[in-house]
1. Nearest 0.05, what FRET efficiency do Q129 and E76 give at R0 = 25 Å with Cβ-Cβ as r?
2. Amide H to amide H under 5 Å from A145: which residues, 5+ apart in sequence or cross-chain, H placed 1.01 Å off N in plane?
3. How would you rank L48, L149, L82, going from fewest to most other Cβ atoms within 10 Å of each one's own Cβ?
4. Which residues' amide hydrogens lie under 5 Å from the amide hydrogen of V133, considering only partners 5 or more residues apart or on another chain, with H built in the peptide plane?
5. At what distance in nm do the modelled label points of N65 and N146 sit from each other, each positioned 7 Å from its Cα along Cα→Cβ?
6. Give me F135, F80 sorted ascending by neighbouring Cβ count inside 10 Å, so fewest comes first.
7. Which order results if T74, T140, T134, T52 are arranged by neighbouring Cβ count within 10 Å, fewest first?
Amino acid sequence: MKCPAVVCRRWCWIACLLCFTVFVSGCNDPGYDVSRVSGRVTLNSKPLAGATVSFQPIASPNAVNPGPGSFGRTDEQGRFSLSLVSSKKNLGAVVGKHRVTISIPGVLDREMTGKVLHDPNNLIPRKFQDGSVTFDVPETGTDQANFDLSSK
């Protein structure tokens with residue numbers, strides 16, 4: 001009969017080896033391809049700073065869950081880079097077709113009513129607010145996700 005300490009030590013090694021194998025094999029693989037995506041947003045041919053750009057993957061008939069959406073914020077030059085909503089480390093967007101929305105945070109009248117006092121989204125064309133604009137994210141990624149908005 002084997003010593004219980006030897007048996008316990010053996011099982012500990014086996015458990016550690018199993019955990020390591022699962023970790024190395026990529027049990028966290030999301031099951032979808034992600035590519036880097038960046039671009040620029042302009043409004044009436046001028047950079048649009050402080051806008052939120054959102055990409056939401058569109059499900060296909062053979063993929064009911066297309067993966068998480070992505071978002072980015074434009075800088076002073078209107079440039080943005082997307083990151084997955086579900087992960088701060090994973091830059092980019094799921095490969096495939098996406099609905100694109102662009103919005104600008106409003107200024108709230110917090111003291112009086114808590115309602116939006118000035119809604120800059122009135123400057124954003126409706127098609128960029130309702131998801132009717134689409135963009136195909138290629139497997140190779142892109143730095144050309146550019147959107148030129150025009151307001152009246």
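No value in this document is a laboratory result; all are computed from the given coordinates. Bear in mind that the values here come from a model prediction, so they are computed numbers and not experimental data. Using ideal geometry, Cβ is built from the backbone for each residue, glycine included, and neighbour counts are taken over all protein chains shown.
1. Numbers: r = 23 Å, r/R0 = 0.91.
After rounding to 0.05, the efficiency reads 0.65.
2. Hits under the 5 Å cutoff: S38, G39, R40.
3. If I rank by nearby Cβ atoms, fewest first, I get L149, L48, L82.
4. V100
5. Result: 3.7 nm between the two label points.
6. Details: F135 18, F80 23.
Lowest to highest Cβ neighbour count: F135, F80.
7. Ascending number of Cβ neighbours within 10 Å: T140, T134, T52, T74.
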